[in-house]
1. Among the listed residues 125, 121, 136, identify the single one that is modelled with pLDDT under 95, polar (S, T, N, Q) and within 21 Å of residue 191 (Cα to Cα).
2. For the stretch 135-172, name all the residues that are more than 30 Å from residue 396 (Cβ to Cβ) and outside any helix (DSSP H, G or I).
3. Taking the stretch 250-288 only, how many residues are surrounded by fewer than 15 Cβ atoms within 10 Å (Cβ to Cβ) and in contact with a His (Cβ under 9 Å, 6 or more places away or on another chain)?
4. Checking residue 294 against (1) out of contact with any Gly (no Cβ under 9 Å at 6 or more places or on another chain); (2) at pLDDT 90 or above, which test does it fail?
5. If only one of 473, 459 is among the small types (Gly, Ala, Ser), in contact with a helix residue (DSSP H, G or I) (Cβ under 9 Å, 6 or more places away or on another chain), over 16 Å from residue 398 (Cβ atoms) and surrounded by fewer than 20 Cβ atoms within 10 Å (Cβ to Cβ), which one is it?
6. In the stretch 173-214, which residues are in a loop (DSSP other than H, G, I, E, B), under 24 Å from residue 342 (Cα atoms) and more than 22 Å from the chain's Cα centre (by Cα)?
Amino acid sequence: MLRAFPWLLLWVLAAPGAQGSEAALRDCTLTHPRLSRVVNARCADYQVPLDPARADGEKIRLHVAVVPASGRNPRPDPLFFIAGGPGQSAVDSALPLWPLFREVLKRRDLVLIDQRGTGKSTPLSCKADEEIELASDDETLIRRTRECLERQDVDVRFFTSRQAVADLEFVRQALGYEQINVMGVSYGTRVAQLVLRQYPQRVRSIVLDGVLPPDLVLGPEFADNLSASLQKLFFHCEADAACREAFPQLEQDWHRYLELPLDEKRAVSLRHPRTGKRLDLKASRQALDMAVRLLSYSSDTRALLPLVIHEAVAGEWQPLLSQALQVAASLEGNLAEGMHNSVVCAEDLPYYKDIPADDNRVLGRMMRQLQLICGIWPRGESFADIHRPLASDTPALLLSGELDPVTPVSYGEQALQQYSRGKHLVVPGQGHNVSPRGCVPGLVADFLDTLTLDEEKAACVQCIPRLPFFIDALGPGA
């Protein structure tokens, strides 16, 4: 994976009288630790079966927040939002996407379910530690995974997409909605498409941002996708006069970066970018890799990459390590590592056919490291045919960022083949998660109203600006 509305009215949902509800909606507020926005909502905590096949067995908490539509005549079909990760909270992820939801709320309710294992829904969280975050070696990974598993007091096998789909249908019934629109971001696009597959008559439309085709197994292509995205970065820097002048050999810098030993530890002293605490650490290139990978997701943070790559190969590791700590801090509390493991170990790793040998690229060891994690983490049960493609006539809007390093444009094109009434919108100059960018929120809201994409109006995405490259620590050049 990251504005207030004083005019937002609180009222009973458009479809009151929840069917089978065992928890009353109550007034609540949605906040984010790094944003000033406060949103009034209605919340409930349901008790749902840990194992849906055993309705009388152990129960877990499922947290739901409903933001009522702000207009006078709200539509009866809400938008159910499904977050990414796997492991992100829908409630926490919604506030950074508020430019999008502000438009949607003009005409329909927004329903946020913290997917089981995330947020306030029985989270499978792990302990955070700055030194662990910067270590990333196999021994630390194994120890961290075992410690995380020991922290859990529930059976982690029941936290896959299969149970999440059942939970969403439970909430739909409890809140009394006849039909819904579903939207997923990144991993959430998998869950959204599974909801459509399991309950096609209940889904009026589907919006997918950062599309994961159902038949695609996560992992094997990550290093290739990131490499292709970074190649575009080098091209754009070369085409930008200020970036080209500041970093005339950026691609060569990158090749030098990849020649740095992955496991060699260096003693580094720096201040934590959030707390100001002095840290004396031993860090390897794998810690730098984490920052490079996650900075590449957004067009805003991509603007830093030429500078920090250039500094890293010149021996200055502090800037990239500071970014790694910044990224780790931003994920803390918003990414449940245990739930991520439960999903990947059940739905992706069992389908790996050939594990490539380690290489020196960023994510070049990911496949084997996932094997280490899943050798410890209990494998749960998801849909036996989870990677079966769809064949749907449900109106679908697919969104891709031109520079997305994890779910590239080709994934959107692949997934589009499933939808006879689908449209795929590619947003130039943008990375992962484009729905809150520029004019895209209005296009999504219009699609939810009309069930089609006005392609003439959608040309507005060509004008969405991209942050200029940082030339030095002070920012972009003149």
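1. Going through 125, 121, 136 in turn, just one is modelled with pLDDT under 95, polar (S, T, N, Q) and within 21 Å of residue 191 (Cα to Cα): 125.
2. Keep residues of the stretch 135-172 that are more than 30 Å from residue 396 (Cβ to Cβ), which gives 135-157.
Those that are more than 30 Å from residue 396 (Cβ to Cβ) and outside any helix (DSSP H, G or I): 135, 136, 137, 152, 153, 154, 155.
3. So the answer is 1.
4. With respect to (1) out of contact with any Gly (no Cβ under 9 Å at 6 or more places or on another chain); (2) at pLDDT 90 or above, residue 294 is out only on (2).
5. Details: 459 fails: in contact with a helix residue (DSSP H, G or I) (Cβ under 9 Å, 6 or more places away or on another chain).
None of the other options fit; the residue is 473.
6. Our first condition is that a residue be in a loop (DSSP other than H, G, I, E, B); within the stretch 173-214, this holds for 176-179, 186, 199, 210-214.
With the extra rule that they be under 24 Å from residue 342 (Cα atoms), the set shrinks to 186, 199, 210-214.
The one that is in a loop (DSSP other than H, G, I, E, B), under 24 Å from residue 342 (Cα atoms) and more than 22 Å from the chain's Cα centre (by Cα): 199.
Results for (1) over 25 Å from residue 219 (Cβ atoms); (2) not acidic (Asp, Glu), shown as yes or no for each residue.
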site	(1), (2)
78	yes, yes
82	no, yes
88	no, yes
91	yes, yes
97	yes, yes
100	yes, yes
103	yes, no
119	no, yes
123	no, yes
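Rundown of residues vs (1) more than 30 Å from residue 282 (Cα to Cα); (2) charged (D, E, K, R); (3) in contact with a strand residue (DSSP E or B) (Cβ under 8 Å, 6 or more places away or on another chain), yes/no style:
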position	(1), (2), (3)
66	yes, no, yes
73	yes, no, no
88	no, no, yes
93	yes, no, yes
102	yes, yes, no
108	yes, yes, yes
112	yes, no, yes
122	yes, no, yes
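The values are calculated or read from the model by the stated rules, or taken from the named source; none is laboratory data. This one's a predicted model, so the numbers in the text were calculated from it and none came from an experiment. With ideal geometry, Cβ positions are generated from the backbone for all residues, glycine too; neighbour counts draw on all protein chains shown.
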